[in-house]
Structure formats: C-alpha cells, structure tokens
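Worksheet: the structure to be examined is printed underneath.
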Amino acid sequence: MSRNLWLRMALPFALFLGVAEVVRNWGDWGFWPFWVVDYIAVALLIWAWRAGRSRHVSGVSLLAGAWGFTCAMFYMAFFEHLESLERPDHGPIEQRPLTFIIGILFGVTVLGFASSLAAARREPLPPGSQ
C-alpha cells in the first residue's frame, strides 16, 4: 500500500477517532490521561496529513511517526480491553463489541504505520543532512 493511501487515510481516521472518543466517554470521562492520548494521536495524524499534502519530505517521516504513535496507543487499548472482556466498560458500548472495534482499528494502525514507515525509508534525505 502506498504512502498516499495512508496519507489520505490519516485525516478521516483522525476525525473518526476524535468523534468516537467523545461518544465513548460522554458522561463519564474518567482519568484524563487515558483519553487525552487519543487527542494527541488525532493532532499528530492531522499534522502529518497537512505536512504530507504540502509535499514536504519531512511529512513522510511525520506520517510514520503519527501512525506509529497511534498504533502504540491502540496496542495498549486493545490488549487492556481484551484482558477485561468479562467486565463492563464505563461507556455506552458493551465491552465485547468495543474490543472488536478497537481490534479492527488497531489493525488499521498497524498497516498505516508499516506502510508509512516503508515509504519513509524510500524518501531521499533533505540536502545537507548527510
């Protein structure tokens, strides 16, 4: 999969994640570091999307970093939810469907990270950085 696909996917994924986080936590936000990290991922994906759209070479590396951060965040969320499968979640979505959704999103982030990392390796270094 090309860098362009994951660049194009960064914005819709970020927007979905931002809205989904509000829906999931509405009325019971819990401990703030556990939801702020989602908005950091949203910000990084949007920043990478903007940099990539302006054709900066650094945008490719930024895209890989943004997908990597988001992938690590979903890794933790997926395995935390998998471990707590028998306990109810605090939000409006039941634990099993929520874990399934998080698993799918984790898979998307793995593909985004791997593909954008591969694209970053193929990008030439900027002049004067060698």
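No value in this document is a laboratory result; all are computed from the given coordinates. None of these values were measured; they are calculated from a predicted model. Here the Cβ is made from the backbone with ideal geometry for all residues, glycine too, and neighbour counts use every protein chain on show.
At 222 nm, what helix-only mean residue ellipticity would the chain give, in deg cm²/dmol to the nearest 500, using -39500 (n - 2.57) for each DSSP H run of four or more?
-26500 deg cm²/dmol
Of the residues P88, F31, I46, the one whose Cα sits farthest towards the positive end of the charge dipole of the chain is I46 (charges of +1 on Lys and Arg Cβ, -1 on Asp and Glu Cβ, taken about the Cα centre).
Comparing the chain with the 2.2 N^0.38 Å rule of thumb, its C-alpha radius of gyration ratio is 1.15 (two decimals). For the chain, averaging the sequence separation of C-alpha pairs within contact (under 8 Å, six or more residues apart) and dividing by the residue count gives a relative contact order of 31 percent. If you take the Cα centroid of region 1-48 and the Cα centroid of region 61-104, the two points sit 12 Å apart.
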